[in-house]
Each structure stands twice: as C-alpha cells, then as structure tokens.
Amino acid sequence: MRLLFVSNYFPPEVNAPATRTYEHAKQWVADGHDVEILTAVPNFPEGEVYEGYENEFTRETIDGIEVTRVPMYVTENSGVVKRSLSYLSFMFSAMAYCSRLRRAPDVVAATSPQFFCAVAGLLISGLYGVPFVMEVRDLWPESIVAVGAMDRNVIIRILEWLEHLLYRRSACIVVVTDAFKRTIRKKGIPEEKIRVLKNGIDVDAFPTDLDDEAVQTLRDEYDLEGQFVVSYIGTVGMAHRADVLFEAARRCDRDDVVFMVVGGGSEWEVLAKKQADAQFNNFRIVEKQPKEKVPYFLEVSDVSVVHLKASPLFETVIPSKIFESMAAGNPIVHGVRGESREIIKEAEAGIPVPPENPDAIVEAVVRLRDDDSLYEHMSQSARNYVRAHHDRQSLAREYWDLLEEVVHSDRGVAVDP
C-alpha cells in the first residue's frame, strides 16, 4: 500500500502537527511501508523560510521518509487575512504539483488544523481515484471563533459548510480525542466512520542521556542555577495564553522560583515586550528552539505548565506537549479543562488548575516545590503512564492498520480479523 500524507507542517518545524506526522511516518517507514509526505517549505511560526531551504518545489529524505515540498505564500503566523492566504496558497500549490509525486498513491491522508490542507488531500485523492482519510487535530472553524480571531460571520458559515463536505466525502475521519468524536457525530456523521487515535510520544526515542555539560550551559545562560524552574514550552499563540506565566511571576514572592516561556508564535513579541518593560527577575522568555533542544529545556525545568485559553472548545483537546513533559518526568501544572485533565488525574502526573488563573498556578508550583514526596510520586507516575498508554510506536501501527482497512474496503477486499 502506498500512502500519500498531506500536512502543512513537517520537520524541521517543531509544532505539534509536524511532530505527530513525523513520528508516525518514521515508524511506518521503519516497518517497511511506502510513505510520501507532501508538505510546504518550512517557515512556521515566524513566516520566514528556514535556512538551507528555498520556497520552491523540492524533494528530500528525512530519516528514511520521502518528503516532497511545494512553494507557498509565506507569512508570519498572525493576522487572519495573511494566514488564510498562506493556507490557501498551500492548497493550490499541493494541487498544482501533485502530478510530480514520486508515485501514485493507494490512499491519501491529510491533517488539520487548517483544513484547506484537508481540501488539498480530498482533491488529490479524487484525481488519483483513491480513498481519502481526514485527520482532525483541531476543530476548525470553531477554534477560529474560540480564540477571538474572527466573529461568527458569513466566512465562518462557509467554512462550516466546507467542514461538513470534508467529513461527508472522507472514507474515514481520524480524531485525537473522544470529545472530537462526539462533536463530529453530533454534526450527523456516522459514528463508525470516526476513529480515535490519541496523541503520544516515541518513548524509546525520547532522549534521557543528555549531555551534562550542555545542560549546565543552558542553566548558566538563563541564570537558572539553584532555581525551581517552571516552564511553558510550545507555541505562544492566541489560544495558549502563555502570558499567564508572566502574571504568575508577578504574583509569586518566592525567590527560589523562576517562570520561563520557551517558544514562538503570534503572541511572543507581545510577551517579550511585557518582560522588557517589567524586567521581572523571576521570569525568562526564550525564542523558539530547535526540536533537538527541547529535551534540554525540559531537563532544566522542574515543572511543566500546559495551558490553553478558558474556552469550552478547548475542553475537547489533548495538548500533545503533555506527553513530552511526562516522558521527561516533569510534573505538570495543567490549566486545561476537559479530556486532557482526566489524563493528568488518572496518571497522577500533575496538579490541575483553572485556565487563566495565575494565582492557582503559583499555589500549585509552591506545593510541588515544598513537597518532595508529592513531586517524586508525580514525576515517576508521569513516566510510567505515558509509556503504558501513549507510546507512539503502538499508535502508529494502529493507524497503519486503519489505513489498510480503508484501502481494502475501497477495493472490496475482506480484511482478516
């Protein structure tokens, strides 16, 4: 079976869609499967083409994965109009260059968020006459309204029509949470068409034998020696409200606690300016780092903060960053309601707090700082739970079985039980 997987993002980009697609594809290739990734020139989130790349049609191989890149309108991840034009340009470019794929696929899968990428996948599958699988990692267009990027207007209603079209035309819909499945089912989509494959991490590949000298260099660079470090590591966007750590730093009167935000995104400059004006001694803001450095920032961190804006929509999501923190053994101060909170509780891997509540974050951090037995219990429980329930290798193989099932069904071939 030949799979074409369409994604707007792929390494060296380091956001959640890029990481999930890469880790699945790496496992599929390791298992001997035929995979091609159709993606864009790397540019997220700054809207600048990464060093070593050009905004043109290219082919490369990353860890055995065949990657085909197409040009697009490159812009920073801010502003509705520019971002929409960027998403549309990738859709049209993917369509324009799909005749130059390495080989004809047997099945096409495409991932959201932004589902113009999924539209490209649907249209390409139609051109090749093969089934289409839609991966839903975020509920568009609901999330656009939820973060305040756009009011519910005629554009949103058009996007909702497009959303329903994609759901109806797909052979299978892969979602990352049970809540997503319930939401899509309420839109009139048959339950048997929706499959849940939750996020995870390649536990065995997550580095634990880090270079001690490099770790110490990082501590020295950001003046973290002797501090209890509380970090948010990830996209600094409208949905994430990473500025809550800045407010927590303002309220925290402990001289042995430092709050740190590491990442990039549409709200990074705003937060950097706040710190430049305030000059808090207990707050650090760090630009987006290469993926290979993330384990080092987790290592110098004692606690991870996972946080999203207080919106009912975000009760349906499971932020993928929780799994990296759990693999690193960092207890999590968890500011997200809904399904991901239940994971943290079941795993005994952290302390849930209300979203957008810096005082609750400070209280949880101080509790973890002062209670060694609680800290060690949550650290070990996090490691054990992610290995048992969210190992990417198992999830990738389950995903491939699903794709084969779709192809066999399309061909009228019975699938062995």
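Set the bar at 31 Å for Cα to Cα. Now go through LYS82/LYS321; LYS26/LYS274; LYS186/LYS309; LYS193/LYS288 and name every pair that lies beyond it. Distance filter (> 31 Å) returns LYS26/LYS274; LYS193/LYS288.
Here ARG195, ARG241 are placed in order of increasing Cβ neighbour count within 10 Å, fewest first, which gives ARG195, ARG241.
By the beta-carbon count within 10 Å of each Cβ, the least crowded to most crowded order of SER373, SER340, SER409, fewest first, is SER373, SER409, SER340. In the chain, a dipole from Cβ-located charges (positive for Lys and Arg, negative for Asp and Glu) runs towards its positive end, and of TYR232, TYR9, CYS252 it is TYR9 whose Cα lies farthest in that direction. Taking the Cα centre of segment 212-389 as origin and assigning +1 to Lys and Arg Cβ atoms and -1 to Asp and Glu Cβ atoms, the resulting dipole is close to 600 debye. For HIS408 and ALA278, the FRET efficiency from 1/(1 + (r/R0)^6), where r spans their Cβ atoms and R0 equals 56 Å, is about 0.40. Rounded, prolate or oblate: pick one for segment 198-275, where a ≥ b ≥ c are the square roots of the eigenvalues of its C-alpha gyration tensor, a/c under 1.5 means rounded, and failing that, prolate if a/b is larger than b/c, else oblate. In terms of gyration-tensor shape, oblate.
Note: relative contact order over segment 212-389, using C-alpha pairs below 8 Å and six or more positions apart, is 22 percent.
Please determine, in degrees from 0 to 90 and to the nearest 10, the orientation of helix 358-370 with respect to the longest principal axis defined by the Cα atoms of the chain, where the helix direction is its Cα long axis. Around 70 degrees separate the two axes. Relative to the longest principal axis of the Cα atoms of the chain, the long axis of helix 268-278 lies at roughly 10 degrees. Each Lys and Arg contributes +1 and each Asp and Glu -1, all at the Cβ; summed about the Cα centre of the chain, the dipole is approximately 2000 debye. Among SER89, SER325, the order by Cβ neighbours within 10 angstrom, fewest to most, reads SER89, SER325. From the Cα gyration tensor of segment 212-389, with a ≥ b ≥ c the square roots of its eigenvalues, which class applies: rounded if a/c is under 1.5, or else prolate if a/b is larger than b/c, or else oblate? Rounded. Pairs of Cα atoms nearer than 8 Å and 6+ residues apart set the relative contact order; for segment 255-319 it is 33 percent.
Here the relative contact order of segment 47-126, from alpha carbon pairs under 8 Å that lie six or more residues apart, stands at 21 percent. Loop-resident GluC sites (Glu not before Pro) (DSSP state other than H, G, I, E or B) in segment 208-312 with no more than 10 further Cβ atoms inside 10 Å of their Cβ: GLU225. The dipole here belongs to segment 320-412: it is taken about the Cα centre, uses +1 on the Cβ of Lys and Arg and -1 on the Cβ of Asp and Glu, and is about 140 debye. The overall shape of the chain, judged from the alpha-carbon gyration tensor, is prolate: a/c is not under 1.5, and a/b is greater than b/c.
Computed from the coordinates by the stated procedures, all read-outs in this text should not be read as laboratory data. Computed from a prediction, not measured in an experiment: that's the story for all the values here. Virtual Cβ from ideal backbone geometry, glycine too; neighbours counted across all protein chains shown.
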